[in-house]
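First the structure, in the form of structure tokens, and then the observations on it.
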Amino acid sequence: IQHRMRPEICRLLTPAIYPLLKNHSTVEKHPNVQGMKHNLFFIDHQNAESQAKFSTSYANNFEGEMIAEIYRYLILQGYSYSDITILSAYNEQVKIIRQKVTETSQNLRVAKERCVDKVHITTVDNFQGEENRIILLSLVRSNKECKLGHLEDPQRICVSLSRAREGLFVIGDFEMLNKRESTVWPEIIKAANENELLGKSLTVVCRKHPESATTISCP
């Protein structure tokens, strides 16, 4: 019985990772994520990864920019920096995201304590056992050879997708991940597709005008 994730998030992990996982009644009461159509969404793209010279780590500039802008948007919706954690499996991507968040947050007209200085950006490995209201997750890997690296590890996948209480927004090359039948990704992607929680664009909605929706597919 899990006491953390809203049911939509838990549904991704059952039975792909947990054969049986039930929700405690408290997780049914989590509030919806402000400014978003969905509380959980997988943003699919095919923008290639990169690797710095003399580095064994990977980065994805497109994902870095997208994550930074989504973070900025959530801050403008009224969330505090402490409500949001940004995760990636790769140290190089953590550096990229931190740089992008700094750039996109410079013009934020919000209280200083909610700005970039204190935003929590870290690797998945460093966030085991932790949780937060909203998780923004950058998967990084996107290549023609379908090499997944850290994304093949079931433990890392489990940690990545199970840290959020209220909202989880993941950006990655799900077309590539779906080809790797030896991993749990196809089953997770199937669950997301069945609930219409995977697509090329993220839908955001105005809190004051809920009938007004905008689809976002680039930074």
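The values are calculated or read from the model by the stated rules, or taken from the named source; none is laboratory data. These numbers were taken from a predicted model, which means no experiment stands behind them. Glycine also receives a Cβ, built like all others from the backbone with ideal geometry; neighbour counts cover every protein chain displayed. The area values use the complete protein model at the heavy-atom level, side chains included, leaving out ligands, DNA and RNA. Shrake-Rupley method; radii C 1.70, N 1.55, O 1.52, S 1.80 Å.
Taking the range 40-64, which residues are assigned to a helix (DSSP H, G or I) and either open to solvent by 60 Å² or more (accessible area, probe 1.4 Å) or of a type in the set (S, T, N, Q) (or both)? Selection gives 61 alone. Return yes when residue 4 is open to solvent by 60 Å² or more (accessible area, probe 1.4 Å) and either under 19 Å from residue 137 (Cβ atoms) or assigned to a strand (DSSP E or B) (or both) and no when it is not. Answer is no for this residue. If the condition is being basic (Lys, Arg) and more than 16 Å from the chain's Cα centre (by Cα), then the range 127-150 contributes 144, 147. Taking strands (runs of 3 or more DSSP E) as the structural unit, those lying wholly within the range 149-219 and holding at least 2 residues that are within 15 Å of residue 45 (Cβ to Cβ) correspond to 164-172, 213-216. Residue 11 falls short on exactly one of the conditions (1) within 15 Å of the chain's Cα centre (by Cα); (2) part of a helix (DSSP H, G or I); (3) not hydrophobic (A, V, I, L, M, F, W, C), and that condition is (1).
So for the range 185-202 (the condition being surrounded by fewer than 16 Cβ atoms within 10 Å (Cβ to Cβ) and at positive phi), does at least one residue qualify? Yes, some residue in the range 185-202 is surrounded by fewer than 16 Cβ atoms within 10 Å (Cβ to Cβ) and at positive phi.
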